[in-house]
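The structure appears right after this line, and notes come after that.
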Number of protein chains: 2
Amino acid sequence: MACSLDVFGDRWTLLVVRDLVMGAERFKEFTASPEGIPTNVLADRLQRLQHHGVIEQVPAADGTRHPAYRLTAKGKALHPVLAAMRDWGLAWEKGTRAMLKPKRP
Amino acid sequence: MACSLDVFGDRWTLLVVRDLVMGAERFKEFTASPEGIPTNVLADRLQRLQHHGVIEQVPAADGTRHPAYRLTAKGKALHPVLAAMRDWGLAWEKGTRAMLKPKRP
DNA sequence: TATGCTAACTTGCGAATTGCAAGCATCGAG
DNA sequence: CTCGATGCTTGCAATTCGCAAGTTAGCATA
């Protein structure tokens, strides 16, 4: 538990992972999320997640030369955690909704 | 997701909830956990959890007049979240172990 | 009554982390 | 060769954190 929290026990990390699950791959896509993560925090979290082996940087996905980020197996294994948190929020916090379907399943 | 993180999206809150699930009820018991939460942070988190309806303060459990803290239904509903995080940690973070059985189930 | 002990907080303060804004650096399009 | 878009990095004020040191209250012993 405590070790897991060392990896993603803060306000932003799990939101980044959520965006990855939802299909985000590029820096701009994360900043476009409604919560509005500061760019310096995002850069830090991406580095940290990479360091923990939760995500990996792939050099060039499409035509551009900008990096893309993908979940590793370790990162994909976080899905149950996210699902549990989403379900709890939906059940107990009023006025919450969720986009249930990932863009790229 | 984001709303859930508003409630427990920080380093200490979920550790407090974990201790509650494990049977802790009193201030001293939380501070005794191996992670060593600072007392001011603990006081703040207990207040915040109470404010969010995750825990409740019961005036006197045993002979003493010190308060005890208990999970509400909302708090108990966090169990799947904790379980998912524990399982992920055990599966992917090396050298982790867990005390699987709560003292008071 | 004085003295000590423990539990449960609160306060103070230096250090680290955050959020916001602005500033680079690179690339392809025009 | 300028322009806009993208992907970061830097600076700085403000919040939060962690540690240590009080403070308060209820027994307890003498």
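The values are calculated or read from the model by the stated rules, or taken from the named source; none is laboratory data. Here the structure is a predicted model, which is why all the values come from computation and not from measurement. Cβ coordinates were reconstructed from backbone atoms using ideal geometry, including for glycine residues, and neighbour counts include every protein chain displayed. The area values use the complete protein model at the heavy-atom level, side chains included, leaving out ligands, DNA and RNA. Shrake-Rupley method; radii C 1.70, N 1.55, O 1.52, S 1.80 Å.
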Open item on the list: Please go through region A:1-34 and give me each residue that is more than 18 Å from B:Ala83 (Cβ to Cβ), free of Cβ contacts under 8 Å to residues at least 60 places away in the same chain, crowded, with 18+ Cβ neighbours inside 10 Å and within 7 Å of chain B (Cβ to nearest Cβ), ordered by number.
Closed with: A:Leu15
TODO: Could you grab the pairs with beta carbons closer than 6 Å, sequence gap of 6+ or different chains, first residue in region A:35-56 and within 20 Å of A:Leu78 (Cα to Cα) and within 9 Å of DNA strand C (Cβ to nearest atom), second one in a loop (DSSP other than H, G, I, E, B) and open to solvent by less than 60 Å² (accessible area, probe 1.4 Å)?
DONE: A:Arg45/A:Trp12
Task: Residues of region A:1-34 classified as part of a helix (DSSP H, G or I) and at pLDDT 90 or above, total - done: 19
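Kindly evaluate A:Leu46 against the criterion of being aliphatic (A, V, I, L, M), within 11 Å of chain B (Cβ to nearest Cβ) and touching a Phe, Trp or Tyr at 6+ places or on another chain (Cβ under 8 Å).
On the way: aliphatic (A, V, I, L, M): yes; within 11 Å of chain B (Cβ to nearest Cβ): no; touching a Phe, Trp or Tyr at 6+ places or on another chain (Cβ under 8 Å): yes.
The answer is no for A:Leu46.
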Task: Sole exception among (1) assigned to a helix (DSSP H, G or I); (2) at pLDDT below 95; (3) not acidic (Asp, Glu) for B:Arg97, by number - done: (1)
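Taking the conditions exactly as written (surrounded by 14 or more Cβ atoms within 10 Å (Cβ to Cβ), within 23 Å of B:Ser4 (Cα to Cα) and of a type in the set (Asp, Glu)), does A:Glu56 satisfy them or not?
Details: surrounded by 14 or more Cβ atoms within 10 Å (Cβ to Cβ): yes; within 23 Å of B:Ser4 (Cα to Cα): no; of a type in the set (Asp, Glu): yes.
No; evaluated as a whole, the condition is false for this residue.
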Task: Lone unmet requirement of (1) within 16 Å of DNA strand C (Cβ to nearest atom); (2) modelled with pLDDT of 95 or more; (3) charged (D, E, K, R) for A:Lys74 - done: (1)
Task: Unmet criterion (only one of (1) open to solvent by less than 50 Å² (accessible area, probe 1.4 Å); (2) more than 25 Å from B:Ala98 (Cβ to Cβ)) for B:His66 - done: (1)
- [ ] State yes or no: is B:Arg18 among the basic types (Lys, Arg) and more than 10 Å from DNA strand D (Cβ to nearest atom)?
- [x] yes
- [ ] Please work out which residue is farthest from DNA strand D (Cβ to nearest atom), limiting yourself to region B:35-59 and to residues that are under 20 Å from B:Leu82 (Cα atoms) and assigned to a loop (DSSP other than H, G, I, E, B).
- [x] B:Gly53
